[in-house]
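Working notes, beginning with the structure itself.
The values are calculated or read from the model by the stated rules, or taken from the named source; none is laboratory data. Keep in mind it's a predicted model, so treat the numbers as computed, not measured. Note: ideal-geometry Cβ built from the backbone for every residue, glycine included; neighbour counts use all protein chains shown. The area values use the complete protein model at the heavy-atom level, side chains included, leaving out ligands, DNA and RNA. Shrake-Rupley method; radii C 1.70, N 1.55, O 1.52, S 1.80 Å.
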Amino acid sequence: MDDCLFCKIISGAIPSTKVYEDDKVYAFRDIAPQAPVHVLLVPKKHISGWSQVTGESDELLAHLMRTAAVVAKQEGLEADGYRIVSNCGQNARQSVPHLHLHILGGRELSEKMN
Ligand code: AMP
C-alpha cells in the first residue's frame, strides 16, 4: 500500500533495523522502544489490523504468531519470558494501520495489561 508506513519499511523505502525476514513476514526494532527488546513483527501483505483479518489465510496468521516465538528466541528472550502485544483500533491506540505484533522483553514487564 503506497501510503502505509510499514509497507514502506518492508520495501526498504524507509530504513529500519531488521531482525528477521522471510517470504511472508518482516521484523524490525521499534523506533521508540518501551523495553530493552522491542521488536515489531508484520506481515508483508498489507492488512490494516485485526478487524481486517477475516478472509486472510490461516497459514499466514499462524505463521505470524509462530514467527513471534522464533524472533523472541533469536532475541534471547525465551528463558526469562516476554510479552506479545497487538493493538487494534482507536481505543487500543493503534497508531499504524498495518497489522503488527509488538514483542517486548529484556526486563520484568508491568503486571498491568491496560
Ligand atoms: P501501535 O501504536 O500499536 O500502532 O504501534 C506502532 C509502533 O510503531 C509504535 O511503537 C512506534 O514507536 C513504532 N514506529 C513508528 N514509526 C516507526 C519507524 N519508522 N520505525 C520503527 N518503528 C516505528
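Table for the structure above
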quantity	calculated
Of all residues making up region 22-80, the number that are of a type in the set (Val, Ile, Thr) and part of a loop (DSSP other than H, G, I, E, B)	4
Subset tally (residues that are among the acidic types (Asp, Glu) and within 11 Å of the ligand (Cβ to nearest atom)) for region 78-114	0
Restricting region 1-21 to residues that are open to solvent by less than 60 Å² (accessible area, probe 1.4 Å) and under 17 Å from Ile103 (Cα atoms), the residue that is farthest from the ligand (Cβ to nearest atom)	Tyr20
Neighbours by Cβ (under 8 Å, 6+ apart or cross-chain): first from region 85-111, closer than 24 Å to Cys7 by Cβ and charged (D, E, K, R); second open to solvent by 40 Å² or more (accessible area, probe 1.4 Å) and in a loop (DSSP other than H, G, I, E, B)	Arg93/Asn87
